[in-house]
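Below: the structure, in structure tokens.
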Amino acid sequence: MTRLALVGFRSDANSSYLRGAADAPPLIREALFCESSNPWTENRRELSRDAFYDAGDLGEEAGADTFGRIEAAIGHLLGNGYAPVSLGGDHAITYPIVRAFARKYPDLSILHFDAHPDLYDEFEGNRVSHACPFARIMEERLARRLVQVGIRTANDHQREQAARFGVEMIEMKDFRDGLEIRFDGPVYVTFDLDGLDPAFAPGVSHREPGGLSTRQAIDVIQRLRGDVVGGDVVEFNPRMDSSGMTAMVAAKLVKEIASRIGAD
């Protein structure tokens, strides 16, 4: 059985509009092991606290190379035989995470859930903004294939970027239940919580109506064909989550993504 690792990245310095995602990892971890649920996943895998090596949380430090530290932390876990599942943090963290994964898996593919393509060449003068990670990933050829699900804010620039990099964009207007995505080789799953409709996950900085239901997202994760090797859940903003519901949704997605690692 694949050894799972849980690691949090308390980073939101590259967020636009609102801060707050850096506060998320401890709350997702708390929800993941909350006694209101149980540790069993829908594919009948038990993921109790003992199923994970908990590598703790890495925060931002003044003057430090946060991206370098994230990449090193993931590289260390991969080098020691773990399959990391990361808790964000904003979506900018996925770029250094994937840099580490690509060294171990040079034929990596990515399944990306989001309301936004995150393909800007730069956003507000920042080339490592949370609006840009997949531009950096694809221009560095860190993934051979990028499939995006739930997109509903693509502008002309991001469509041009998608065409440039050969991104497969499944926009929400075209989404149909029963979607089955097939990958050859290793797959990394990255889940921005605003890919869900805000009715299901209100605790995000960029609420975009018309998104996936939690059930639809889980079905895509369960139906995907490929060797899932790691993943992340990002962009939970506890300051926007007065009921605590989004923390539980984030934890559910962590559990279902983790359950696919080593399952095929």
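What pairs can you find where one residue is in the stretch 164-185 and free of Cβ contacts under 8 Å to residues at least 24 places away in the same chain, the other is of a type in the set (A, V, I, L, M, F, W, C), and their Cβ atoms are less than 6 Å apart, with a gap of 6+ or different chains?
As it stands, the answer is Glu168/Val147; Ile170/Val149; Glu171/Ile151, since those pairs meet every condition given.
In the stretch 62-109, what residues are over 18 Å from the mean Cα position of the chain (by Cα) and closer than 21 Å to Phe191 by Cβ?
Residue satisfying the conditions is Lys104 alone.
Return the residue satisfying two criteria in turn: it lies in the stretch 242-258 and is at pLDDT 95 or above and more than 15 Å from the chain's Cα centre (by Cα), and of such residues it is surrounded by the most Cβ atoms within 10 Å (Cβ to Cβ).
Restricting attention to the stretch 242-258, the residues satisfying the condition of being at pLDDT 95 or above are 245-258.
Still in the list and also more than 15 Å from the chain's Cα centre (by Cα): 245, 248.
Numbers: Met245: 15, Met248: 21.
Checking each candidate, the answer is Met248.
Being farther than 21 Å from Glu256 by Cβ, of a type in the set (Phe, Trp, Tyr) and in contact with a Ser or Thr (Cβ under 9 Å, 6 or more places away or on another chain) is the filter here; which residues of the stretch 75-131 pass it?
Selection gives Tyr120, Phe123.
Test Thr190 against the criterion of being closer than 24 Å to Ile137 by Cα, in contact with a Phe, Trp or Tyr (Cβ under 8 Å, 6 or more places away or on another chain) and β-branched (Val, Ile, Thr), and give yes or no.
When the stated conditions are applied, Thr190 passes them.
Counting only residues that are closer than 26 Å to Asp23 by Cβ and more than 16 Å from the chain's Cα centre (by Cα), which one in the stretch 110-124 is surrounded by the most Cβ atoms within 10 Å (Cβ to Cβ)?
Tyr120
Would you confirm whether any residue within the stretch 222-234 is more than 18 Å from Ser109 (Cβ to Cβ) and surrounded by 21 or more Cβ atoms within 10 Å (Cβ to Cβ)?
Among the residues of the stretch 222-234, at least one is more than 18 Å from Ser109 (Cβ to Cβ) and surrounded by 21 or more Cβ atoms within 10 Å (Cβ to Cβ), which makes the answer yes.
Checking the condition over 14 Å from the mean Cα position of the chain (by Cα), part of a helix (DSSP H, G or I) and crowded, with 18+ Cβ neighbours inside 10 Å, which residue from Met138, Met169 passes? First the steps, then the outcome.
Values: Met169 fails: part of a helix (DSSP H, G or I).
Unique residue meeting the criteria: Met138.
The values are calculated or read from the model by the stated rules, or taken from the named source; none is laboratory data. Keep in mind it's a predicted model, so treat the numbers as computed, not measured. Neighbour counts run over all protein chains shown; Cβ positions are idealised from the backbone, glycine included.
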